[in-house]
Amino acid sequence: SWLATEFAIETNTLRAAAAGTKRSVHAFKQLCLALQAFADSNENLPNLVAANKRVTNLLSQSKSDDLAEVNQNLLQIEAESALLDELKRTEPQVASHLASDDFKGALTALAKLRPALDRFFDDVMVMDDNSEIRNNRLALLRRIRSLFLQLADVALMGRA
């Protein structure tokens, strides 16, 4: 691709951008440049990629397309509530950045989810035996995945 050659954009970056929300060619190029700069300068990228892969895998394994909205009353572990709170703070920030094609700002906002995501995966067993709790946790992960996909599929940005 001309972006890969002309602007030194990695193939994984192009794939990640293409998997997100569709954009004009100009906006797609700007997104690719922002993603590549983020990948090149952010030491937290491997953790963010790993967390996104884990979210994607858990949602794929669940085979549940009929997940309801997150029910706060079913959140049992503090790390679940903390992740939901951080997500609620992040969603409007990402929307604002994306409305003005500020892809760097959106990436920066999404990256702030990493500590809460890491803690969630350290403290929470997503695939709980109780189907209500499991589906609620999966709904939380689906909401996170949807937020990331407004920008790109960060899970595809891993480096060998």
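Please treat every number below as a calculation from the coordinates, not as lab data. Predicted model, so just to flag it, every value in this text is computed and none were measured. A quick note on method: Cβ atoms are made from the backbone with ideal geometry, for glycine too, and the neighbour counts reach across all protein chains shown.
List the residues of segment 98-116 whose backbone N lies under 12 Å from a point placed 7 Å from the Cα of GLN150 along the Cα-to-Cβ direction. Once the point is set 7 Å along Cα→Cβ of GLN150, 98-102, 106-107, 109-110 turn out to lie under 12 Å by backbone N, inside segment 98-116.
Within the listed set LYS63, LYS53, LYS88, the Gaussian network model of the chain (springs between alpha-carbon atoms below 10 Å) gives the highest mean-square fluctuation for LYS63. Listed by chain and number, the lysines whose C-alpha is less than 30 Å from the C-alpha of LYS104, apart from same-chain residues fewer than 8 away, are LYS22, LYS29, LYS53, LYS88, LYS112. What residue among ILE133, ILE77, ILE144 shows peak mean-square fluctuation when the chain is described by a Gaussian network model with Cα springs under 10 Å? Checking each option, the largest mean-square fluctuation is seen for ILE77.
With an a/c value of 1.5 or above and a/b not larger than b/c for the gyration tensor axes a ≥ b ≥ c computed over the alpha-carbon atoms, segment 7-60 is described as oblate. Among ASP118, ASP128, ASP101, the largest mean-square fluctuation in a Gaussian network model of the chain, built with springs joining Cα atoms closer than 10 Å, belongs to ASP128.
Label-to-label distance for GLU78 and LYS63 is 3.7 nm, based on points extended 7 Å past Cα in the beta-carbon direction. The alpha carbon convex hull volume per residue for segment 64-133 rounds to 105 Å³.
Each Lys or Arg adds one and each Asp or Glu takes one away; over the other residues whose Cβ falls under 14 Å from the Cβ of ALA18, this sums to +2. Secondary-structure-derived ellipticity at 222 nm for the chain, considering helices only, amounts to -22000 deg cm²/dmol, per-run term -39500 (n - 2.57) for DSSP H runs with n ≥ 4.
Run the Debye formula on the Cα coordinates of segment 34-82, all scatterers equal and no solvent, and tell me log10 I(q)/I(0) at q = 0.14, 0.18, 0.25, 0.31 1/Å. Scattering profile of segment 34-82, log10 relative to I(0): -0.59, -0.82, -0.98, -1.08. Could you tell me whether segment 18-123 comes out rounded, prolate or oblate from its Cα gyration tensor? Rule is a ≥ b ≥ c as square roots of the eigenvalues, rounded for a/c under 1.5, then prolate if a/b exceeds b/c, otherwise oblate. Prolate is the answer for segment 18-123, as a/c is 1.5 or above and a/b outweighs b/c. Which distance in nm do the two modelled labels at ASN130 and ASP102 give, with both placed 7 Å along the Cα-to-Cβ direction? That separation, rounded to one decimal, is 4.1 nm.
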